[in-house]
1. As I understand it, the value is the acute angle between the Cα axis of helix 269-280 and the longest principal axis of the Cα atoms of the chain; what does it come to in degrees, rounded to 10?
2. Relative to the longest principal axis of the chain, what angle (0 to 90°, nearest 10) does the C-alpha long axis of helix 95-106 take?
3. Would you compute, for the Cα atoms of the chain, the largest minus smallest coordinate along each principal axis and list the three values in descending order, in whole Å?
4. Per residue, how much accessible area does the stretch 20-93 show when a 1.4 Å probe rolls over the protein heavy atoms, in square angstrom?
5. Return the FRET efficiency for the residue pair Ser445, Ala112: r is the Cβ-Cβ distance, R0 is 51 Å, and the value is rounded to the nearest 0.05.
6. Just need the relative contact order of the stretch 64-128 here, percent rounded to a whole number, with Cα pairs under 8 Å and 6+ apart.
7. Please report the accessible area of Met27 (heavy atoms, 1.4 Å probe, ligands and nucleic acids excluded) in Å², nearest 10.
8. For the peptides 65-73, 266-274, what is the packing order when you average, over each peptide's residues, the other Cβ atoms within 10 Å and list the highest mean first?
Amino acid sequence: MQPTKLTRVDRTPPRRLFIVTAIDSRMFPNRDHIARTPVREVALGCVEAGIRAAHPETVFAERVEVRDDVLYVDGARFDLSAYEDVYVVGGGNVAGHVAAELERLLGDRITAGVVVTDDPVDTDSIDVVEGDYPVPSERCMLGTRRVLQLAEEATADDLVLTALSGGGSPLLSAPVPDISLSDLQTVTEDLFANGVSDKHVNVVRKHLSAVKGGKLARAAAPAAIVTLLFSDVVSQKRTAVASGPTLPDESTYADALEIFDRYGISPPTRVKHHLERGRSGAIPETPTAEADAFDRASCITIADGMTALRGAQAKAESLGFESLILTTRLRGRAQESVKPLVGIGEECYFSGTPVEPPAVLLAAGQTSIPTFGSMKQGPNQEFALSGAVEFHETLGAAAALASVATDGVDGHAECSGAVVDHTSAEPMSDAWDALNTNRISQQLSRNGDRVPSVPTGTNVNDLHVLVIQDE
């Protein structure tokens with residue numbers, strides 16, 4: 001169906017739509033079909049460029065270097081000659097790739113290292129332990145205990161480099177002695193099944209974990225600790241990434257118990273007993289900012305959602321498109337969050353404001369979906385199909401929307417997200433039915449719009465790219 005033609009104001013002659021003829025990287029399988037039209041190619045190409053921009057290899061090349069035995073991280077300076085030993089620890093989707101980059105830079109300066117990740121890479125001196133995501137497993141627990149053991153070996157003469165990223169909350173997991181791994185798994189599943197926010201889940205995690213909420217810093221002290229952070233958090237709050245193993249924590253055991261009460265969840269007996277002991281003062285609270293553990297600790301965010309957006313923007317502009325970064329903090333129900341993005345796209349198309357087409361609108365963040373029924377559609381799939389429904393009649397063939405998780409996993413779905421155009425919502429009755437009956441994945445699969453899940457080497461949240469062509 002062609003777009004409903006509203007009256008557009010007169011403006012300068014339209015810029016030519018740049019038809020992409022070269023592909024910088026074939027990141028996703030079945031790419032030719034997903035990017036089967038020029039406008040879809042632009043959308044997916046911008047996503048790929050954004051993901052590459054936030055990959056540790058790219059980020060380190062731009063923001064981390066070693067000169068004259070000095071490590072520079074985004075302008076901060078660390079004299080390696082001042083330390084007897086250098087250790088590397090950490091966890092998250094990105095930790096293995098960060099470990100590889102640190103090895104490349106530091107070589108035999110690294111004494112030893114252990115990181116836990118679900119995206120392993122080959123390394124020499126740093127042990128990359130494969131764990132599981134999104135529910136902590138025995139592999140995660142065993143790897144995390146090795147991380148803690150290595151951190152505890154560090155002395156005041158040593159430097160501990162810590163690689164943390166999204167995915168670190170389940171991957172870097174070891175329960176406190178009072179509870180079991182099974183207890184931790186049950187709590188994690190129950191919290192998410194009841195729609196508890198990531199913020200509140202992290203409060204509970206910090207008080208059931210041997211490593212989170214600053215406890216890794218406590219283990220490594222009095223060594224110097226430098227945390228290299230890849231943030232997937234909409235709030236940009238650093239303590240939320242991987243539940244803050246090397247950062248202060250202001251939450252309490254009482255806060256964790258209140259979360260269970262608020263959502264009407266009954267925790268396992270051992271969990272409740274542990275939290276109650278903590279509330280009574282029988283167990284020390286997680287370390288706050290005043291704790292000695294942070295006297296020699298620093299944390300540097302070296303990549304986040306803006307990193308990916310800048311990369312996507314550079315790609316769009318290299319293809320001759322106007323571009324506009326809208327936000328890195330997109331959140332809320334996916335089906336509703338897409339509407340303002342489409343609305344701005346329609347404004348561009350019909351009035352040339354805030355940018356004239358051909359244009360690319362960019363946003364990042366983390367939207368959500370209801371917890372009922374199958375989770376296989378994922379928030380990015382819902383975002384994409386909802387967007388196609390919104391612009392089906394107004395923009396028609398002039399638009400394409402890509403909504404992709406930068407870590408290659410759309411929630412619990414077996415894909416990264418989707419790239420859609422007006423055909424994705426045809427017939428409209430089927431598209432609406434899919435949105436209303438939790439069959440989004442089937443609708444997108446039928447049209448060949450789903451982007452396969454692949455290890456990307458990074459995680460800076462979700463990336464949304466709306467391309468507006470001027471017909």
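The values are calculated or read from the model by the stated rules, or taken from the named source; none is laboratory data. Quick caveat, the model's predicted, so the values are computed rather than measured. Glycine also receives a Cβ, built like all others from the backbone with ideal geometry; neighbour counts cover every protein chain displayed. What goes into the accessible areas is simple: the full protein's heavy atoms, side chains included, and nothing from ligands, DNA or RNA. Shrake-Rupley method; radii C 1.70, N 1.55, O 1.52, S 1.80 Å.
1. 70 degrees
2. The two axes meet at around 70 degrees.
3. For the chain, the Cα extents along the three principal axes come out at 69, 57, 35 Å.
4. Values: 3120 Å² over 74 residues.
Each residue of the stretch 20-93 exposes 42 Å² on average to a 1.4 Å probe.
5. Details: r = 46 Å, r/R0 = 0.89.
Taking R0 as 51 Å, the efficiency between Ser445 and Ala112 is 0.65.
6. Values: 102 pairs, mean separation 18.8, N = 65.
That works out to 29 percent.
7. 40 Å²
8. Numbers: 65-73: 13.2, 266-274: 16.9.
Descending packing order for the listed peptides: 266-274, 65-73.
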